[in-house]
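To start, the structure under review is shown below, and the notes come after it.
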Amino acid sequence: MDKTEEIFLQNQSTSEVKVVGKHKSFHGRECLSEIKRIVVKIGSTTISDDYQINEAALDGLVHDLATIKQNGIEVILVTSGAIAAGLPHLGVNSHQQTLPVLQAAAAVGQIRLMAAYEERFRFYDLCPAQLLLTQDDFSDRKRYTRMNDALHALLQLGAIPIINENDSVAVDEIKVGDNDTLSAYVTNLAQADLLILLSDQQGLFTADPRHNPDVELIHTVDVISDEIWQSAGEAGTATGTGGMVTKLRAAEIVTSSGEMMVIAYGREPLVVTRLLKGELIGTLFLPNTRISGRKRWIAYSRPPRGYIVVDNGARDALIQGGKSLLPAGIQRVEGHFNFSDTVSCFTENGVEFARGLINYNSTETTKLAGKQTQDIEKILGYHDYDEIIHRDNLVLLN
Ligand code: GLU
């Protein structure tokens with residue numbers, strides 16, 4: 001049901017809240033009390049200070065997660081902090097942080113991080129489990145399915161999966177790159193109802209609060225519009241790779257699959273428990289249309305390897321007619337991709353409107369662009385498929 005919600009301005013030092021405007025919303029925070037499975041992501045700046053694990057922050061997080069787990073909610077934790085926890089034990093300074101040193105720091109820090117979690121969850125009689133993942137685990141459908149089996153078995157058996165990127169081996173193209181995106185992938189994989197990004201920021205503000213004193217905290221985002229993108233500031237700290245930009249990208253992935261996301265301040269006491277009770281904390285991103293598990297994988301579990309610009313006739317056939325993409329409708333091909341990679345489809349005006357699994361590689365697709373299906377054999381010397389992207393492998397974006 002349509003509903004108008006007020007936009008609040010929260011003073012970060014006094015926590016005083018005042019209403020600064022109205023925001024149209026289709027849901028209130030009561031939807032958060034229905035949640036059955038959540039992914040919580042904690043960033044390096046929340047979990048560590050000056051390259052040390054912050055014991056109090058970790059105590060607070062585990063107590064919070066144990067509370068909601070005891071209330072019957074399934075919890076998956078995506079944690080940063082391995083690199084931050086590892087660096088001091090290798091005796092390196094800030095000038096020596098080459099990529100191999102960061103890989104080494106992750107290897108040292110990850111076991112310390114997990115030991116800290118294990119000890120705390122054990123106190124609540126809970127069983128944490130470690131999963132270290134890379135982009136390949138999401139890009140490869142077989143690995144994705146196996147990972148899904150393991151994750152669901154852990155949840156069914158009452159364990160708490162704790163996930164991080166496998167930073168010691170994941171470099172270059174096999175790296176997801178930041179834990180905001182990783183946690184969005186995990187939310188999709190687990191089909192969780194909600195992703196909570198615990199950050200050093202109270203939520204999404206109308207501008208970067210580190211540089212602008214007069215900013216407003218946005219409590220609800222229905223649509224990730226251009227204005228919302230403009231409000232995201234610069235990213236990054238020495239040990240964490242996130243920032244508002246990666247958080248908004250995560251929100252796009254999660255909400256486009258039909259789930260919700262919240263950005264909230266990670267050191268707020270019992271922040272997850274309070275959010276799930278409907279308390280007005282942080283920024284809530286509302287869901288778009290729900291899409292199925294396989295289509296989530298096609299559209300949002302790996303970056304597109306290239307893009308295709310199609311003419312308006314082909315665009316209408318795909319969107320309104322539910323048809324496959326044929327060679328004739330293709331105007332232009334960009335990028336290097338192979339058979340079965342994910343490729344984006346753009347309109348003539350440069351708007352991305354679909355993603356799908358491609359039946360021909362980029363060289364073949366370029367040769368076939370604008371040509372008739374019956375000429376495929378003549379052009380390539382073989383004719384494996386009529387369609388460039390079959391409609392069963394195509395996901396329309398909102
Ligand atoms: N995976 C990194 C770590 O554990 C952090 C990456 C991020 O913060 O986005 O240190």
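Annotation: E352 fulfils all but one of (1) within 19 Å of E173 (Cα to Cα); (2) open to solvent by 20 Å² or more (accessible area, probe 1.4 Å); the unmet one is (1). Within the range 182-207, which residues are within 13 Å of the ligand (Cβ to nearest atom) and open to solvent by 20 Å² or more (accessible area, probe 1.4 Å)? Answer for the range 182-207, where residues must be within 13 Å of the ligand (Cβ to nearest atom) and open to solvent by 20 Å² or more (accessible area, probe 1.4 Å): just D200. Residues in the range 157-179 that are open to solvent by 40 Å² or more (accessible area, probe 1.4 Å), within 18 Å of G43 (Cβ to Cβ) and more than 10 Å from the ligand (Cβ to nearest atom): none. As a summary of the residue check, S301 satisfies the conditions (1) touching a strand residue (DSSP E or B) at 6+ places or on another chain (Cβ under 8 Å); (2) in contact (Cβ under 8 Å) with a residue 60 or more places away in the chain; (3) open to solvent by less than 10 Å² (accessible area, probe 1.4 Å) except for the one numbered (1). Considering the conditions (1) over 28 Å from E55 (Cα atoms); (2) modelled with pLDDT of 95 or more; (3) in contact with a Lys or Arg (Cβ under 7 Å, 6 or more places away or on another chain), D136 is excluded by exactly one of them, (2). Look through the range 125-144, keep the residues that are of a type outside the set (V, I, T) and assigned to a loop (DSSP other than H, G, I, E, B), and return whichever of them is nearest to A107 (Cα to Cα). The selected residue is C127. Output the number of the condition that G86 fails; it satisfies all remaining conditions of (1) open to solvent by 10 Å² or more (accessible area, probe 1.4 Å); (2) at pLDDT 90 or above; (3) within 15 Å of the ligand (Cβ to nearest atom); (4) not hydroxyl-bearing (S, T, Y). Evaluating G86 over (1) open to solvent by 10 Å² or more (accessible area, probe 1.4 Å); (2) at pLDDT 90 or above; (3) within 15 Å of the ligand (Cβ to nearest atom); (4) not hydroxyl-bearing (S, T, Y) leaves (1) as the failure. So G266 passes all but one of these: (1) modelled with pLDDT of 90 or more; (2) more than 14 Å from the ligand (Cβ to nearest atom). Which condition number does it fail? All conditions are met except number (2). The residues in the range 62-83 that are more than 18 Å from D178 (Cα to Cα) and either open to solvent by less than 10 Å² (accessible area, probe 1.4 Å) or within 14 Å of the ligand (Cβ to nearest atom) (or both) can be counted, and the count is 6.
Within this structure, G329 passes the test of being touching a residue at least 12 places away in the same chain (Cβ under 8 Å), within 30 Å of N359 (Cα to Cα) and open to solvent by less than 60 Å² (accessible area, probe 1.4 Å).
Each row is one residue, and each column tells you yes or no for (1) in contact with a helix residue (DSSP H, G or I) (Cβ under 8 Å, 6 or more places away or on another chain); (2) away from the ligand (no atom under 16 Å from the Cβ).
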{"residue": "N93", "(1), (2)": "no, yes"}
{"residue": "Y117", "(1), (2)": "yes, no"}
{"residue": "R122", "(1), (2)": "no, yes"}
{"residue": "C127", "(1), (2)": "yes, yes"}
{"residue": "D140", "(1), (2)": "no, yes"}
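Has the range 163-173 got any residue that is within 26 Å of T67 (Cβ to Cβ), outside any helix (DSSP H, G or I) and among the charged types (D, E, K, R)? No, that holds for no residue. Surrounded by 19 or more Cβ atoms within 10 Å (Cβ to Cβ), among the charged types (D, E, K, R), at pLDDT 90 or above and more than 15 Å from the ligand (Cβ to nearest atom) - does that describe any residue in the range 48-59? No, the range 48-59 contains no residue that is surrounded by 19 or more Cβ atoms within 10 Å (Cβ to Cβ), among the charged types (D, E, K, R), at pLDDT 90 or above and more than 15 Å from the ligand (Cβ to nearest atom).
Counting the residues of the range 304-325 that are among the polar types (S, T, N, Q) and either in contact (Cβ under 8 Å) with a residue 60 or more places away in the chain or within 30 Å of R29 (Cα to Cα) (or both) gives 1.
The values are calculated or read from the model by the stated rules, or taken from the named source; none is laboratory data. What you are looking at is a predicted structure, and each value in this text was computed from that prediction instead of being measured. Neighbour counts run over all protein chains shown; Cβ positions are idealised from the backbone, glycine included. Note: areas computed on protein heavy atoms with side chains; ligands, DNA, RNA excluded. Shrake-Rupley method; radii C 1.70, N 1.55, O 1.52, S 1.80 Å.
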